[in-house]
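The values are calculated or read from the model by the stated rules, or taken from the named source; none is laboratory data. Here the structure is a predicted model, which means the values were calculated and not measured. Glycine gets a Cβ as well: all are built from the backbone with ideal geometry, and neighbour counts include every protein chain shown. Only protein heavy atoms, including side chains, enter the accessible area calculation; ligands, DNA and RNA are left aside. Shrake-Rupley method; radii C 1.70, N 1.55, O 1.52, S 1.80 Å.
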Amino acid sequence: APPGCPFCGEAAGPELEEHVRARHGHLLGAPGTGNGDQLYECPMCSLTCTNIQILEEHVDLHLEEHSFSEGGNMRDLELAQQLQTEEDERQRSEEEKREREEFKKLQRPYGLDNSGGFKQQFLRNMEREVDRGRMQPFEYHKRKADMMESLASGIDDGKTKTSGVIEALCKYYQNENKDVRRVWLSAGVDHFHSSLGDRGWGCGYRNFQMLLSSLLQNSFYNDCLRDTTLIPSIPKIQSMIEDAWREGFDPHGASHFNNRLHGSKAWIGACEIYSLLTSLRIKCQIIDFHKPTGPMGTHPRLFEWILHYYSTDNEGGAKVVCTSKPPIYLQHQGHSRTVVGIEERKNKSLCLLLFDPGCSSQEMQKLLKQNSDGTGLKLLRKYVGSLKEKQYQIVAVDGMLSLEEKVARCRASQVLTSEKIP
């Protein structure tokens, strides 16, 4: 509240001194008119003075003190407000910094942190190999030149490819009589593994290369693959997916990547594979096994679906069925693989045969010289109890699309939903 006059109690505010002099000056008296016999009492603190001039100076001190105190309170309030504003700004800045760091942590595992793409990672990893003495400088320059040529042409250099595994498996199963009752194998497919340029993030692209390698060997798909006669490199696949987005496929998924893959280490999944295949007029579907359907978190329905996929139209009594079916893209959180066949064991259990991009060419080469005991198949075999992720998705190819069907699927992909197995 504004300060009150010590004589009349009226609120006077900052003009208190002027108010006292104007309204109550007669109580103070004129300077130098007092005598030693008269006493003067201060109206503000009851102090008794013998001289009116002394009393006036005393009252002036009261007024100055009050004015200073009021100004000090105002300064204290302003200072407190300033400090609070600075603290709010500091906390807001720290919160924004934390949010940026958390967002980068989320982006980093998915290759969205602007840390470069295939080319940059390939060069960095080769430089490390040279620094550690594992690679000679001349080899570094040769591989760099090969890599640059591959990027310029858009064609994979084939250095991570292993061919002929399906054919070797077919021969092995013809002579295997111990545990396998029947086996269905996909059409021929090459294995591609991760390289120095895509290690840690390239599994989706490598699995697409495997699937495409099978389609390119099947004359049925010649018409829709006339512009893709060789296996594209990973940066080229990224550009192909961007082309599919520009056509209108899966705008929601494209926005997740800011409509850009090329030059990044972004992970891709089933939706990107679906969009790319459909843009090439290859008929396919996404099947979502969104929850376990067996005990201990297992997915027997996944195995049954894949068995039906391979065995449909292949119901003959042969033990080894080499089908014309393309392999299946299999996705779960953090990784993807390629299904190239399925075993039915003599105890009625099912076992998937998977190509994993994490397996090196050296490991896959062992399957070309399969021992009679089948120990090398441990690389491929996955039983029901081995697949216990919470959710799986598959992309299965099933023919070609007309131009009209492609357009219809493009429109439908704008609200793309996968088929869920109950």
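Within the group 289, 257, which residue is at pLDDT below 95 and open to solvent by less than 20 Å² (accessible area, probe 1.4 Å)?
One residue alone meets the criteria, 257.
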Inspect all residues belonging to the range 35-45 and state whether any of them is open to solvent by 90 Å² or more (accessible area, probe 1.4 Å) and either under 60 Å from the mean Cα position of the chain (by Cα) or at pLDDT 65 or above (or both). yes
Of the residues in the range 221-235, those that are under 27 Å from residue 324 (Cβ atoms) and part of a helix (DSSP H, G or I) number 1
Exactly one of these conditions fails for residue 150: (1) under 25 Å from residue 272 (Cβ atoms); (2) modelled with pLDDT of 95 or more. Give me its number. (2)
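Looking only at the range 379-400, count how many residues are within 17 Å of residue 295 (Cα to Cα) and either open to solvent by 10 Å² or more (accessible area, probe 1.4 Å) or in contact with a Gly (Cβ under 7 Å, 6 or more places away or on another chain) (or both).
9
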Taking the range 144-172, which residues are in contact (Cβ under 8 Å) with a residue 60 or more places away in the chain, small (Gly, Ala, Ser) and in a loop (DSSP other than H, G, I, E, B)? 154, 158, 164
In the range 227-276, the residues that are basic (Lys, Arg) and free of Cβ contacts under 8 Å to residues at least 60 places away in the same chain: 246, 260
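So which of 70, 86 is open to solvent by 80 Å² or more (accessible area, probe 1.4 Å) and at pLDDT below 90?
86
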